[in-house]
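Down below is the structure, laid out as structure tokens.
The values are calculated or read from the model by the stated rules, or taken from the named source; none is laboratory data. Because the structure is a prediction, the values reported are computed rather than measured. Cβ coordinates were reconstructed from backbone atoms using ideal geometry, including for glycine residues, and neighbour counts include every protein chain displayed.
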Amino acid sequence: MNKIMIISPIEFGLLIDHVKWIKYLNSYYNLEHISISNKKNFCDKNIKFTYVKRKNKLIKNIYFILYVRHKIRTNNPKCVIIDYFPGCSLIKFLNSKTKFILDIRTMTISDNILKKHIRDFVLKMETKVFKEITVISEKIGKKLKLKKFTILPLGADKFVDDSNLIRENSKLKLLYIGVFHNRQIDKTILAIKRALDMEPNINMEYNIIGYSKNINENKYLRNIINENKLQSYIKIIGKVSSENLGPYLKNSNVGLAYIPKKKYFDLQSPTKVYEYVVNGLYCIATNTTANKEIITEKNGIIVEDSIEELAKAIIKVNKIIKDIDYVEVAESLSNYKWSNIVKNILVSVINKNMK
């Protein structure tokens, strides 16, 4: 099989896209994934993972680039997929005979406007070096003013079979999946409190799957739950690997895709929406551009970014919960299963690039 190398500055396992790519590409190619990490957190005897130790921030990227250059020259892969990071174009300059695919999962996420503009400008300049580019969405491709690109979208694994999509409708079972940092999860908790104040008889529960590297943020969310006496309604489950999400998706009926209305999140496709909808969960999502492209009348409802509006949406969904067709919800994004995305898009891009 042809050897394919995937390069990322993000430790393998933290970016769900790469986990799923590896899972479904493994039957097509001989794969190696190289990322930056101080410890080896993932093992699979059928796949080669290389972890480059973290260095001082000032030299981290330079060291990583030189290490990747050495690996490419030693292993001679047929194609190298680079998960964009500042300076990655140097890898192509240093390995001019190798075939590359530049993949862009996101533009700069920062509240610092100057920092965002500078990094996005560098990103635009570096894209000019690559002939083959994949992007997570059409909007990002156009924002970068790319003349040619392939959309390689987010997706989800289907954990819940259609035969199990007959869900309990007597209770609203809300689920949040995702990181806590910069996501204002406290607003979702306070929205539950507000909904109960407006409709005290709502029969519901809210499970939160995720974590923050900031211990104080985790404590802050638990304190809000306790202070508002919501312990019987809300439970913070913590970190759950993508492979173990099945039971939670199966036992919920509504997913919360609460994404703050920030400019840097607006075009960012949310993994959680695909995870919810592909598995038949009706979705309550904030009105970002990316969410509005995915959510339809069949699979969810769009709301403003505020505690009051989210509370009203929760009450509204509770009233229609018995009428939701969960099979129809799942079918609305059936093309976005990871297996389909890899087989129909990524494999095609790789094979074309290797010619």
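Among the residues of the range 291-298, is any assigned by TED's automatic domain parsing to the domain that holds residue 191 and touching a residue at least 60 places away in the same chain (Cβ under 8 Å)? Yes, the conditions are met somewhere in the range 291-298. Here 232, 252, 269 are screened, and the one residue that is more than 23 Å from residue 169 (Cα to Cα) and either assigned to a loop (DSSP other than H, G, I, E, B) or among the charged types (D, E, K, R) (or both) is 269. Could you look through the range 234-259, keep only residues that are under 15 Å from the mean Cα position of the chain (by Cα) and either hydroxyl-bearing (Ser, Thr, Tyr) or within 19 Å of residue 137 (Cα to Cα) (or both), and pick out the one that is surrounded by the fewest Cβ atoms within 10 Å (Cβ to Cβ)? Only one residue fits best here, namely 241.
Selection of first residues in the range 125-147 that are farther than 14 Å from residue 105 by Cβ and of second residues that are at pLDDT below 95, restricted to Cβ pairs under 6 Å at least 6 apart or on distinct chains, gives the following pairs, ordered by first then second residue: 132/353. Going through the range 172-202 one residue at a time, which ones are free of Cβ contacts under 8 Å to residues at least 60 places away in the same chain and in contact with a strand residue (DSSP E or B) (Cβ under 7 Å, 6 or more places away or on another chain)? Answer for the range 172-202, where residues must be free of Cβ contacts under 8 Å to residues at least 60 places away in the same chain and in contact with a strand residue (DSSP E or B) (Cβ under 7 Å, 6 or more places away or on another chain): just 189.
Answer with yes or no whether residue 301 is in contact with a strand residue (DSSP E or B) (Cβ under 6 Å, 6 or more places away or on another chain) and over 17 Å from residue 177 (Cβ atoms). Yes.
Does residue 280 satisfy the condition of being more than 17 Å from the chain's Cα centre (by Cα), surrounded by 18 or more Cβ atoms within 10 Å (Cβ to Cβ) and not aliphatic (A, V, I, L, M)? So residue 280 fits the description; yes.
A quick yes/no check of all residues on (1) assigned to a loop (DSSP other than H, G, I, E, B); (2) buried (at least 17 other Cβ atoms within 10 Å of the Cβ):
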residue	(1), (2)
116	no, no
119	no, no
124	no, no
134	no, yes
153	yes, yes
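The test for being among the acidic types (Asp, Glu) and either outside the structural domain of residue 245 (by TED's automatic domain parsing) or at pLDDT below 90 (or both) does not hold for residue 325. In the range 165-184 there is no residue that is part of a helix (DSSP H, G or I), in the same structural domain as residue 305 (by TED's automatic domain parsing) and modelled with pLDDT under 95. Within the range 257-291, the set of residues being in contact with a Gly (Cβ under 7 Å, 6 or more places away or on another chain) and among the aromatic types (Phe, Trp, Tyr) comprises 274, 276, 282.
Every test in (1) at pLDDT 95 or above; (2) on the phi > 0 side of the Ramachandran plot is passed by residue 145 save one, and that test is (1).
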